[in-house]
Amino acid sequence: MKVSIITPVWNQRELVVRALDSIPRRLDVEALVRDDGSTDGTLDVLLEYKQNHPELNLTVFSNGENKGVAYTKNRLLESATGEYFHVLDSDDYLLTAEYSKAVDMLDGSDICYMDFRRNDGFITNLTDDNKNIFCAQILRFIRTDFAKGIQFPEHIRAADDWYFHNDCTQRNPTEQFLHLVAYHYNFPREGSLSDLKMKGLL
């Protein structure tokens with residue numbers, strides 16, 4: 001398995017379908033989705049999607065009750081079998097063709113960075129100068145063995161990716177910049193974790 005795409009989800013029954021639709025159907029890509037105690041029927045939607053889309057290598061997990069995004073990502077990482085893992089947030093989506101090209105380009109580096117697009121069409125190219133500003137794991141493939149032992153801190157509700165990124169950088173990773181716009185970041189979006197964090201509500 002080349003890439004494990006991990007997706008934590010809570011109450012995103014509609015947007016998570018768009019995210020899953022965007023994943024390239026490849027034998028060397030697996031999709032791991034874990035429902036974090038949704039109350040809107042998201043888990044039922046995921047199970048139905050798995051049944052109706054056997055062409056996607058999809059595994060659905062459930063926490064049973066709400067445990068938080070960091071807990072959920074940690075459990076997904078434990079299940080990842082790919083050489084690399086990548087976090088696909090349930091309200092975002094992949095630019096499928098470019099993402100598939102990115103998978104083909106992965107050269108064994110510890111961290112491989114992709115570029116991204118926002119809702120307003122603005123494109124950000126990740127470079128050595130801004131990689132620490134845009135530190136979320138949604139923008140990078142991380143070699144699974146390299147990240148062994150690193151966890152998302154479960155005691156905080158947002159920005160857990162910054163801590164994960166910081167722990168990764170302390171290991172002096174080898175890096176690759178793919179120069180491909182392969183990820184669509186659904187921002188700004190009212191009510192998202194990023195939105196709530198910016199408003200001081202988290």
Binned Cα-Cα distance frequencies in the range 3-198 - 10 Å width, integer %
9, 39, 40, 12, 0
Rounded to the nearest 5, what % of the DSSP beta bridges within the chain are antiparallel ones?
30 percent
How many angstrom separate the Cα center of the range 128-160 from the Cα center of the range 24-41?
19 Å
Length released on extending from His179 to Arg118, taking residue separation times 0.36 nm less the Cα-Cα span:
20.4 nm
Note: the range 124-166, point scatterers on Cα, Debye, no solvent; log10 I/I(0) at q = 0.18 Å⁻¹ equals -0.57
Gyration tensor verdict on the range 10-60 (Cα atoms; rounded if a/c is under 1.5, prolate if a/b is larger than b/c, oblate otherwise)
prolate
For Arg117, what charge total do you get from the other residues with a beta carbon under 12 Å from its beta carbon, if Lys and Arg give +1 and Asp and Glu give -1?
-3
Could you identify which residue out of Asp129, Asp107, Asp161 has the top mean-square fluctuation in a GNM of the chain using Cα springs shorter than 10 Å?
Asp129
Scoring the chain by relative contact order with C-alpha pairs under 8 Å, at least six apart, yields a percentage of 25 percent
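Rule-based calculations on the coordinates, nothing more; no lab input. Since the structure is predicted, the reported quantities are computational estimates derived from the model, not experimental observations. Cβ atoms come from the backbone with ideal geometry, glycine included; neighbour counts cover every protein chain shown.
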